[in-house]
Amino acid sequence: MLALSFCLALGSCTRKPPKSQIDATTYAKEIEQWHKERWQELNNESGWLTLIGLFWLKEGVNSCGSAPIMDIVLPPDKVPSVLGSFSVTGANVEFSPMVRGFTVDGKPVSMARKAADYRVRDIVYPVVALKSDADDKPTIVTYDSLTFQIIKRGDKLGLRVKDSQNPDRLNFKGTEFYPADLKWRLDARFELYNPPKAMPITNVLGMESSESSPGAVKFEVNGKEYRLDAITEKDEPRLFMIISDTTSGKDSYPAGRYLYVDPPDASGHLIIDFNKAYSPPCAFTKFATCPLPPRQNRLPFAVEAGEKYQRHPE
């Protein structure tokens, strides 16, 4: 972020960038490593391939279990008929487990008893306050191979459920990529927005959020200049962009792709590498809430680089 601060002091980062050079063999190894990291990201025990449900919570008590009468119905081979409840009061969510075996952020949840017997009515069910992904660190509730997390989208609160043993993860064979091509590793320059530009973003559910863009990444393709508005994310030094191009819906994911770039140097120069463009979570699960590319980030040409798309089985 120091480079962004430097740009702010100058008021502009629009000087023509120097032409960067990179050895082809070194670059091939870099992209190979990025492919491995992408595999690990998708295939880890809490990755997007583990997502098995997204349930929007109502005000009051939301019962959870495998019984059909529950508000949140989960697979009977994973949970008992009654598992617990999620209670919503305004922007606050509390969880009350009704069986043993839960951990919260890795710590076991104890269920005390009023008496030294095993009558159900004598169990004191704990109440656990849950932070959402809008907080500094969301609370992770675990039961066997399942994890539960609260997400906040606009004024709605949802329960995201993941299963590390989800067949989508266990049967995952990886993704395909365009052949790495140095022509898509482009010199670019950062144009600062002072003040940052308000940038509304709509997600796949039609919900709109207000993001802030610190500036645009400007680059040339076939002698013509293009620009992409970037977003800064919490605790992320890199610039994030949501993009689409004319491969979208053909070789790449219909709703676009995502791309990170390192922040600019002191002169405003940076590299945008489309070989590292990747599919959003919605390419792998119907339970994600992916943001869509803003109109100004829809490129009118084919970016034949980065991750391709294979339709996710229903």
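Below are the figures for this structure:
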item: Residue match in segment 186-201 (condition: aliphatic (A, V, I, L, M), closer than 24 Å to GLN21 by Cβ and part of a strand (DSSP E or B)); result: yes
item: Failed condition for GLN296, given (1) of a type in the set (S, T, N, Q); (2) touching a strand residue (DSSP E or B) at 6+ places or on another chain (Cβ under 6 Å); (3) surrounded by 17 or more Cβ atoms within 10 Å (Cβ to Cβ); result: (3)
item: Residue among ILE31, ILE22, ILE52 that is over 30 Å from ALA188 (Cα atoms) and open to solvent by less than 70 Å² (accessible area, probe 1.4 Å); result: ILE52
item: Test: residue in segment 273-281 that is surrounded by 19 or more Cβ atoms within 10 Å (Cβ to Cβ), touching a residue at least 60 places away in the same chain (Cβ under 8 Å), within 17 Å of VAL303 (Cβ to Cβ) and hydroxyl-bearing (Ser, Thr, Tyr); result: yes
item: Qualifying position, being open to solvent by 70 Å² or more (accessible area, probe 1.4 Å) and within 27 Å of ILE151 (Cβ to Cβ), among ARG257, ARG238; result: ARG238
item: Search result, residues across segment 135-153 that are part of a loop (DSSP other than H, G, I, E, B) and surrounded by 13 or more Cβ atoms within 10 Å (Cβ to Cβ); result: PRO138, THR139, ILE140, SER145
item: Selection from segment 83-105 of residues that are surrounded by fewer than 15 Cβ atoms within 10 Å (Cβ to Cβ) and more than 13 Å from PRO126 (Cα to Cα); result: THR89, GLY90, ALA91, ASN92, ASP105
item: Tally, over segment 98-122, of residues that are modelled with pLDDT under 60 and either among the hydroxyl-bearing types (Ser, Thr, Tyr) or not in a loop (DSSP other than H, G, I, E, B) (or both); result: 6
item: Wholly within segment 210-314, strands (runs of 3 or more DSSP E) carrying at least 2 residues that are at pLDDT 95 or above and under 29 Å from LYS162 (Cα atoms); result: 239-243, 257-261
item: Residue check for LEU159: farther than 22 Å from ASP265 by Cβ, modelled with pLDDT of 95 or more, surrounded by 15 or more Cβ atoms within 10 Å (Cβ to Cβ) and of a type in the set (A, V, I, L, M, F, W, C); result: yes
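The values are calculated or read from the model by the stated rules, or taken from the named source; none is laboratory data. Quick caveat, the model's predicted, so the values are computed rather than measured. FYI the Cβ positions are ideal-geometry reconstructions off the backbone, even for glycines, and counts take in every protein chain you see. Quick note on the areas: whole protein, heavy atoms, side chains included, nothing else; ligands and nucleic acids left out. Shrake-Rupley method; radii C 1.70, N 1.55, O 1.52, S 1.80 Å.
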